[in-house]
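A quick write-up on the structure given underneath.
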Amino acid sequence: MSPGTIAKLVGGALLLLTIILAAFSSTYVVNPGFRGVQVTLGKVSPIPKPEGFGMKLPFLSRIHPVLIRQQAGKFDAECYSSDLQQVKIAVRVLYRIPEGKVVTLFRDYQGDPFASLVQPRVAEALKELTALRTSEVIVQKREEIKVGSLDGARKKIQDLLVLDDLVLEDISLTGVLEKAIEAKMVQEQEAARARFAQQQAEVEANTAVIKAKGEAQSINLRGKALSENPSVLELQVVERWDGIVPMVVGPGADGANMLLPLKSARTNQEAQESLR
């Protein structure tokens, strides 16, 4: 085989290989949950590529996948409270990239958007909020800190990213401060129990006074009614009479006549006759 023939065969093989590589390089696939950002000779295309198969310029264009599903990122924020106590907060952020901001984030924020955009803004919002509250309030009102920090971070990020939620997984204080807060909470609980016991005693005393006043007023009203209507007493005697006719027996020790039931008198008389 002549050298010319060998050169033609090698050139043909190289051409075929180039054509195959160009064919492979001119296609791309964007997976579900992603959008593709096309970069051609350093220039970013303003329109992201949707999911699926597509064509591009071989060797000159590259497709960079960007995840638009919800993502989670964690970091530890070191904050200071209004009483100058150090507070460490373990934060987990749930966020996602809007489809309309895929190209902007890729072009303006290098690398991972969580590290370059989400974490700094959330940490800044947390520090601003905790600086206005004491360490005790930060621990006791975790939900308030979460909501306030989430709102502050959303305002800082604006519409570049969507912050779905913010989770404060742990709030750590110094050991001395934790013991001081715990002791204060115990004292507050004991004081609350003492106040409850005092209030209960006051209620019982007020109830007794009201009851005594009611009984006194009842007695006064009954006395007044009897003085104005003496026949009421006679009516009550008649209503309660058991049918036994009373009899009068001489004056008693106070000089007034005593009334004895006739049945009792007869019983006494029969007893005396049996003794005889």
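Worth pointing out:
- Taking the criterion of being assigned to a loop (DSSP other than H, G, I, E, B), touching a residue at least 24 places away in the same chain (Cβ under 8 Å) and touching a Pro at 6+ places or on another chain (Cβ under 9 Å), the only residue of the range 29-55 that qualifies is 31.
Residue-wise test of (1) touching a Phe, Trp or Tyr at 6+ places or on another chain (Cβ under 9 Å); (2) not polar (S, T, N, Q).
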residue	(1), (2)
54	yes, yes
70	yes, no
73	yes, yes
79	no, yes
94	no, yes
97	no, yes
100	no, yes
107	no, yes
144	no, yes
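- Selection of first residues in the range 131-155 that are within 17 Å of residue 170 (Cβ to Cβ) and of second residues that are hydroxyl-bearing (Ser, Thr, Tyr) and part of a loop (DSSP other than H, G, I, E, B), restricted to Cβ pairs under 6 Å at least 6 apart or on distinct chains, gives the following pairs, ordered by first then second residue: 135/81; 138/81.
- With respect to being among the polar types (S, T, N, Q), without any contact (Cβ under 8 Å) to a residue 12 or more places away in the chain and assigned by TED's automatic domain parsing to the domain that holds residue 159, residue 85 falls outside the description.
- Checklist (1) modelled with pLDDT of 65 or more; (2) closer than 27 Å to residue 86 by Cβ; (3) assigned to a helix (DSSP H, G or I) applied to residue 171, failing item: (3)
- Considering residues of the range 67-97 that are of a type in the set (S, T, N, Q) and surrounded by fewer than 14 Cβ atoms within 10 Å (Cβ to Cβ) only, the residue nearest to residue 167 (Cα to Cα): 70
- Residue in the range 48-59 that is closer than 28 Å to residue 156 by Cβ and modelled with pLDDT under 95 present: yes
- Subset of the range 56-94 [of a type outside the set (A, V, I, L, M), in contact with a Ser or Thr (Cβ under 6 Å, 6 or more places away or on another chain) and assigned to a strand (DSSP E or B)]: 61, 79, 88
- You will find that of 111, 100, the residue that is surrounded by fewer than 14 Cβ atoms within 10 Å (Cβ to Cβ), assigned by TED's automatic domain parsing to the domain that holds residue 144 and part of a helix (DSSP H, G or I) is 100 and no other.
The values are calculated or read from the model by the stated rules, or taken from the named source; none is laboratory data. Quantities reported herein were computed from a predicted structural model and do not represent experimental measurements. Every residue, glycine as well, gets a Cβ built from its backbone with ideal geometry; the counts of neighbours run over all protein chains shown.
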